[in-house]
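**Student:** Dropping the structure in here first, questions after.
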């Protein structure tokens, strides 16, 4: 999986948002284009100069997200976290890390070798 950040959306303001991260798909048609899943949820070939590869290092700023779930899902998450001897936040970070298959050295989502 590869991700890119939009640097230029001129002419594609509806489909691309400046600064937003997009998932790319493999495409072998040429080396000057990149196939991106855009704001409309469609994959489209864009000029590669409109994007930069997303740097996934521990030096990037962290962000907080809020997820609204039904009450029963909150209960299930709490039960899963208790069973795993983790906080709900740590469990969610672990699940995201597994699901997104992000590259790195175990220091994703602000974790260090001693934390988890």
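The values are calculated or read from the model by the stated rules, or taken from the named source; none is laboratory data. As the structure is a computational prediction, the values presented were derived from the model and not from experiment. All Cβ positions, even for glycine, are placed from backbone atoms using ideal geometry, and neighbour counts span all protein chains on display.
**Student:** If residue 77 satisfies all but one of (1) out of contact with any helix residue (DSSP H, G or I) (no Cβ under 7 Å at 6 or more places or on another chain); (2) free of Cβ contacts under 8 Å to residues at least 24 places away in the same chain; (3) surrounded by 11 or more Cβ atoms within 10 Å (Cβ to Cβ), what's the number of the condition it fails?
**Tutor:** Unmet for residue 77, out of (1) out of contact with any helix residue (DSSP H, G or I) (no Cβ under 7 Å at 6 or more places or on another chain); (2) free of Cβ contacts under 8 Å to residues at least 24 places away in the same chain; (3) surrounded by 11 or more Cβ atoms within 10 Å (Cβ to Cβ): (1).
**Student:** Taking the stretch 80-116, which residues are more than 22 Å from the chain's Cα centre (by Cα), modelled with pLDDT of 65 or more and loosely packed, with under 10 Cβ neighbours inside 10 Å?
**Tutor:** Here is the first cut: in the stretch 80-116, the residues more than 22 Å from the chain's Cα centre (by Cα) are 80-86, 114.
So of that shortlist, the ones also modelled with pLDDT of 65 or more come out as 80-86.
Listed by number, the residues that qualify are 83, 85.
**Student:** Looking at 24, 49, 17 in this structure, which one is part of a helix (DSSP H, G or I) and outside the structural domain of residue 91 (by TED's automatic domain parsing)?
**Tutor:** Working: 24 fails: part of a helix (DSSP H, G or I); 17 fails: part of a helix (DSSP H, G or I).
Only one candidate qualifies: 49.
**Student:** Do we find that residue 25 is under 11 Å from residue 51 (Cα atoms), surrounded by fewer than 16 Cβ atoms within 10 Å (Cβ to Cβ) and touching a residue at least 12 places away in the same chain (Cβ under 8 Å) in this structure? Explain how you work it out, then say what you get.
**Tutor:** On the way: under 11 Å from residue 51 (Cα atoms): no; surrounded by fewer than 16 Cβ atoms within 10 Å (Cβ to Cβ): yes; touching a residue at least 12 places away in the same chain (Cβ under 8 Å): yes.
When the stated conditions are applied, residue 25 does not pass them.
**Student:** When the stretch 51-74 is examined, which residues are found to be over 19 Å from the mean Cα position of the chain (by Cα) and either surrounded by 10 or more Cβ atoms within 10 Å (Cβ to Cβ) or on the phi > 0 side of the Ramachandran plot (or both)?
**Tutor:** 69, 73, 74
**Student:** Checking residue 3 against (1) part of a loop (DSSP other than H, G, I, E, B); (2) under 17 Å from residue 100 (Cβ atoms), which test does it fail?
**Tutor:** (1)
**Student:** Condition test on residue 35, is it free of Cβ contacts under 8 Å to residues at least 12 places away in the same chain and touching a strand residue (DSSP E or B) at 6+ places or on another chain (Cβ under 7 Å)? Walk me through how you get there before you give the answer.
**Tutor:** Numbers: free of Cβ contacts under 8 Å to residues at least 12 places away in the same chain: yes; touching a strand residue (DSSP E or B) at 6+ places or on another chain (Cβ under 7 Å): yes.
Yes: the conditions hold for residue 35.
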